[in-house]
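Participant: Got a structure here, written out as structure tokens. Questions coming.
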Amino acid sequence: MAGGLAACENTTTPIGACEDGSGAAASPLVVPKPVGPGGLPLPRNDNSVTWAVTDENPPIKDGLQREQGATLKLYNYPDYIWPGLLRRFEKKYDCTVAPPGTYNSADEAIAKLQSGVIDYDVILGLSGSNIVNLIALQLLQPLNHSYLPNLAKNIWPELADPFYDRGSHYTVPYVVWQDGIGWRNDMVSEDIAGMDVPWDIFWESHAYYGKVGLLDDKRDGLSMPMQRDAMREERIPDLNTEDEAIVAKAGKDLQELKSICNIKPTITDYQTLPEGTKVLHHSWSGDLLAGAFYYMPPGVDPSVLSYWGPDANGVVQNDFLCVTKSAQSPVLAHLFLDFILEETNAYDNFVNFNGYIPPQKGIDAEGLVGEGLIPESLAGAVTRPDQFLANQELLQLTVEGERHWDDAWTKFRAG
Amino acid sequence: MESRWTWRTLAAPGVAWLTLFFLVAFYAVVCVAFGNTNTLNQPVPFWNPLDWNVGYVLQVLENIWNGEEYLTVFLRTFAFVLISIALCLLVGYPVAYYAARHTGKWRGLILLLLVLPFWINYLMRMLAWINLLSPDGWGTKVLHYTSIDQLFIHLGLLSTEGGWLEGQPMTVILALVYGYIPFLILPLYAALDRIDQRHIEAARDLGGSPFSAFRRVTLPLSMPGILAGVVLISLPMFGDYYTNDLVSASTSTSMTGNQIDLLTRQGAQKTEGAVLTLLLALVLLVFMLYYLRQTRRAGDSASRDE
Amino acid sequence: MSWLRNPWGQPRFLPLLTGAYILWSIIPVAIAVLFAFNDGRSRTTWQGFSMRWFTGDPTGSVAHNPEYTAALEHTLILALICVVITVPLGVALALGLQRWRGRGSGSVNTLMLLPLVTPELVMGVALLLLFLNIFNGWGIGTTAQAIGQVTFAISYVVVIVRGRLVSIGREYEEAAADLGAPLHGRLLRVVLPLLAPAILASAGIVFALSIDDFVVTQYLAGGSDTNTVSMLLYATARGAPTPALNALATITLVLTLVTLALAYLVYRKFAGAGGAAEAATLGEM
């Protein structure tokens, strides 16, 4: 029996990966950069990647007619695009937009897409944390920019040609946000913004047992204790670390929160904070604004919501829209992308429902604070282009690195 | 009369279907569990047993051996199932007994009402409780007016007033009881119904009290039925994940089913998920085989009467 | 107190307990159904009777919510496909198994019973991996969902039909054989008509099982057009949905109960005296 077992292979290294995570065919004259799924390079601020457009997967031709009587299928986070916007698109292009398929976390989306079920035309809401997955799985088709005039016209230059997709061959940006803390200032007595290390509030939230939430995403969730440690020790964290010890410690810190405040990983803070069923939440900044714009119960003023986010060394990121390779209505999909990039549509989506800042040159989000549309307590939830420089993005890691984060997160999520 | 191949041919499509979509499916689980992943995190099954890779299996076993999360959650699941089944028996046995031994005109109606929850969508039954136990739900209000919630807080079974749905193990256990008790009552009813009334009358005639007649006649005779029923509901309970997701949604009450669900459906670690599923199936195999033996005995005796 | 202690009958607490259990069992669902008819948006405060969540409300009702109607449609389609495939397969398997003499019948019998005792999560994972790695031509989606549902429903049909076969015995068949009828004639004109109530009853049960199924259906779901009512209930129950969700659940509840009531009536009318024994066999499941 033991002999039989010894004859069996015994490895957890994925097929096709090198033990140290670097690419197999690296020249000895070059210091190898880390590679990710499928052996593809990992985009970083100092290592921008241009995804090639190949003959096997060409973009659609110029000047095509849009598909008649088509149904556009979207794959999105729940409650992440204003239904009114979809109706407007339907009217303008005489088509139907099916109720979007939803996923609750980027991991779930990738798990679903990996299984080969790509019945969608457009995917919204994924970001640089998963772009390499999408390319490696060959899920996307390259974009034909002749259908996307609004990209160059309206979008912030930094995001119109991002480092993770030089030339925007496969993606266009959707919205931007920051990871921070959202709370009900009428139910939480602490002055969170005034604390030395505001992240500590989670570890001191026993008084709010059962009413505290964490972002249900392995990267955002685990990065929170990392930011806390870095802030305490006054150093810059590496939120794309692959150091197993650091990631495991972050996981352990999160597990402490279970007994302190019975913290729950959810993404519904845009509903639960206005309702008051949660009073303290690790939040994407846009959720607070969405709550203020759309989800306040009658009689509750939006100024009861507060938000704090770090000025530097936190997470500031954007997500994107992309068109799937097997899209049934690619022309319509392109028109949809351009529709979202149009300034009025982006603005209406933002203030009527979505709450996340679209990277539009012409939208002065801070002005909205002055106008009173956004309460003062949420002024910090407005994300500006210069914040990208001082903060970090959560980007894709090597296979081994992702696995460390997966392990720590699984331990927290179901342990 | 007819060749013995007639009946085998008739059975063949069904057998082929079950072989293909049941046995082969299990083989797929085994091959994924003993397989590897590629750099895209997709599982790569190894179909040839000689190629099998024990890396992931050993990793999970090591996790269990070291008392890490797979073990702690399994122990928690085991505790939940044990307590739930005990409560199901406590309530279910007397109800089944009454329904079986009752000879009045309401028997049909009682039976109907006992069978009814069987056919109501499980999720709808949980939805009903989510409505009732939400902070302004009728259930919460009733429990508050009768001060039962204070009692539970005092006993440490409830953390905060009105927080029934916020990660309380007790809510999960009671939801499991609510969900699975009909599946216990029916087999118990069948077993109790089969007990010949004359045995009990004989015990009473010999001078026994009703209670001793129960203890020495009814209970032992119904024991096979009790065991069968307990086994029957423990199997789905061990694989339950949706009850916890619906009435608690908290990591502190997660069950083994939640771990498997997280790994295979909600995440991209299907190989680990397959290993965990395999281990769970092996643990439950003992129960499954026991129940199958019992059912076959009953089935054989039925066909022997033919 | 002496009323409770009844020396010649059963202790009185038994009917009390049973009554309390039945109330506890049914009332929560009854309340959920009640709120499907609520006039307001709340699922916890009664605001008057109205049918708005079924058809009235132009944006919120089930009839006007494309997600809900799509799910309802898909649920029914799946149920119909499931019945159409499962019943013939199951009847054939039941006949074959019951009459099978000789080697192999024991293992086939075990194979048939296995889906009944396998936890659905295990089946869900197994089927998911099957359709991702072997049958990736079909992949996951409606086909996979239908196949998965058939796989665990077959056993129910077999058990029900076998129970009926046992109780009708072989006299009629033997009489027909003595009169010179060939095998297929005997099967078609004697056995199947006698089995008809069981076949119809099992069709009803498979229909109800399919509508209420959750785990296997969710695991094999593909795009959002393969959502069923169960999956919607799971996804939205903890959110802040309107009573439209209760309305959707009530619709499927009514469908299931009507189907089962019909199945039961058909069975009772044609099955006659053998019914009680078969009901016990069913209970043994």
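The values are calculated or read from the model by the stated rules, or taken from the named source; none is laboratory data. For clarity, every value in this text was computed on a predicted model and none was experimentally measured. Using ideal geometry, Cβ is built from the backbone for each residue, glycine included, and neighbour counts are taken over all protein chains shown. These accessible areas exclude ligands, DNA and RNA; they are computed on the full protein's heavy atoms, side chains included. Shrake-Rupley method; radii C 1.70, N 1.55, O 1.52, S 1.80 Å.
Participant: Please identify the pairs in which a residue from the range C:18-31 that is open to solvent by less than 40 Å² (accessible area, probe 1.4 Å) has its Cβ atom under 7 Å from the Cβ atom of a residue that is not in a helix (DSSP H, G or I), counting only partners at least 6 apart or on another chain.
Facilitator: Note: pairs meeting the criteria are C:VAL29/B:ILE120.
Participant: Identify, please: which residue in the range C:99-114 is assigned to a helix (DSSP H, G or I) and at the interface with chain B (Cβ under 7 Å from one of its Cβ atoms) and is, among those, farthest from C:GLU173 (Cα to Cα)?
Facilitator: We begin by selecting, within the range C:99-114, every residue assigned to a helix (DSSP H, G or I); these are C:99, C:105-114.
Subsequent filtering for residues that are at the interface with chain B (Cβ under 7 Å from one of its Cβ atoms) retains C:99, C:108-114.
Details: C:ARG99: 12, C:VAL108: 24, C:ASN109: 23, C:THR110: 27, C:LEU111: 28, C:MET112: 25, C:LEU113: 27, C:LEU114: 30 Å.
That would be C:LEU114.
Participant: Looking at the range A:326-338 only, could you name the residues that are surrounded by fewer than 22 Cβ atoms within 10 Å (Cβ to Cβ) and under 21 Å from the mean Cα position of the chain (by Cα)?
Facilitator: Residue satisfying the conditions is A:ASP338 alone.
Participant: Now for a separate question. Pairs only if they're at least six apart or on different chains, beta carbon under 7 angstrom, first in the range A:96-115 and in a strand (DSSP E or B), second of a type in the set (Val, Ile, Thr); list them, first residue then second.
Facilitator: Going by the 7 Å Cβ cut-off, the qualifying pairs are A:THR96/A:THR71.
Participant: Tell me which residues, restricted to the range A:209-267, are within 14 Å of chain B (Cβ to nearest Cβ), farther than 20 Å from A:ASP407 by Cα and part of a loop (DSSP other than H, G, I, E, B).
Facilitator: Of everything in the range A:209-267, those that are within 14 Å of chain B (Cβ to nearest Cβ), farther than 20 Å from A:ASP407 by Cα and part of a loop (DSSP other than H, G, I, E, B) turn out to be A:TYR209, A:GLY210, A:LYS211, A:ASN262, A:ILE267.
Participant: Could you please let me know if B:THR271 is open to solvent by less than 50 Å² (accessible area, probe 1.4 Å), of a type in the set (Ser, Thr, Tyr) and more than 7 Å from every other protein chain (Cβ to nearest Cβ)?
Facilitator: It is true that B:THR271 is open to solvent by less than 50 Å² (accessible area, probe 1.4 Å), of a type in the set (Ser, Thr, Tyr) and more than 7 Å from every other protein chain (Cβ to nearest Cβ).
Participant: Does C:THR86 qualify as being hydroxyl-bearing (Ser, Thr, Tyr), part of a helix (DSSP H, G or I), within 10 Å of chain B (Cβ to nearest Cβ) and in contact (Cβ under 8 Å) with a residue 24 or more places away in the chain?
Facilitator: In short, yes.
Participant: Keeping to the range A:63-95, report how many residues are within 13 Å of chain C (Cβ to nearest Cβ), farther than 23 Å from A:GLY286 by Cβ and without any contact (Cβ under 8 Å) to a residue 24 or more places away in the chain.
Facilitator: Number satisfying all stated conditions: 1.
Participant: Also, I was wondering about something else. Across the range B:154-173, what is the total count of residues that are more than 12 Å from chain A (Cβ to nearest Cβ), part of a loop (DSSP other than H, G, I, E, B) and among the β-branched types (Val, Ile, Thr)?
Facilitator: Within the range B:154-173, residues that are more than 12 Å from chain A (Cβ to nearest Cβ), part of a loop (DSSP other than H, G, I, E, B) and among the β-branched types (Val, Ile, Thr) number 0.
Participant: Can you find, within the range C:43-64, the residue that is farthest from the other protein chains (Cβ to nearest Cβ) among those that are open to solvent by 30 Å² or more (accessible area, probe 1.4 Å) and assigned to a loop (DSSP other than H, G, I, E, B)?
Facilitator: Filtering first and then ranking leaves C:MET51.
Participant: Which residue, of B:ALA33, B:ALA12, is more than 7 Å from chain C (Cβ to nearest Cβ) and closer than 23 Å to C:LEU165 by Cβ?
Facilitator: B:ALA12
Participant: Which of (1) open to solvent by 10 Å² or more (accessible area, probe 1.4 Å); (2) in contact (Cβ under 8 Å) with a residue 40 or more places away in the chain does C:ALA94 not meet, given it meets every other one?
Facilitator: Answer for C:ALA94: the failing condition is (1).
Participant: If you scan the range B:239-255, which residues turn out to be out of contact with any strand residue (DSSP E or B) (no Cβ under 8 Å at 6 or more places or on another chain), facing chain C (nearest Cβ under 10 Å) and open to solvent by 10 Å² or more (accessible area, probe 1.4 Å)?
Facilitator: Residues satisfying the conditions are B:TYR242, B:ASP245.
Participant: Just to verify a result, which residue in the range A:195-225, among those that are aliphatic (A, V, I, L, M) and open to solvent by 10 Å² or more (accessible area, probe 1.4 Å), is nearest to the chain's Cα centre (by Cα)?
Facilitator: Residue satisfying both the conditions and the ranking: A:VAL197.
Participant: Let me ask something else about it. Look through the range C:226-241, keep the residues that are more than 7 Å from every other protein chain (Cβ to nearest Cβ) and not in a loop (DSSP other than H, G, I, E, B), and return whichever of them is farthest from A:TYR295 (Cα to Cα).
Facilitator: Here the residue is C:THR226.
Participant: Within the range B:48-135, which helices (runs of 4 or more DSSP H) (wholly inside it) include 3 or more residues that are open to solvent by 60 Å² or more (accessible area, probe 1.4 Å), modelled with pLDDT of 90 or more and more than 9 Å from every other protein chain (Cβ to nearest Cβ)?
Facilitator: By residue number, B:55-65, B:69-101.
Participant: Further, regarding this structure: Within the range C:144-169, can you find the residues that are more than 30 Å from C:VAL216 (Cα to Cα), in contact with an Asp or Glu (Cβ under 8 Å, 6 or more places away or on another chain) and surrounded by 15 or more Cβ atoms within 10 Å (Cβ to Cβ)?
Facilitator: C:VAL166, C:SER167
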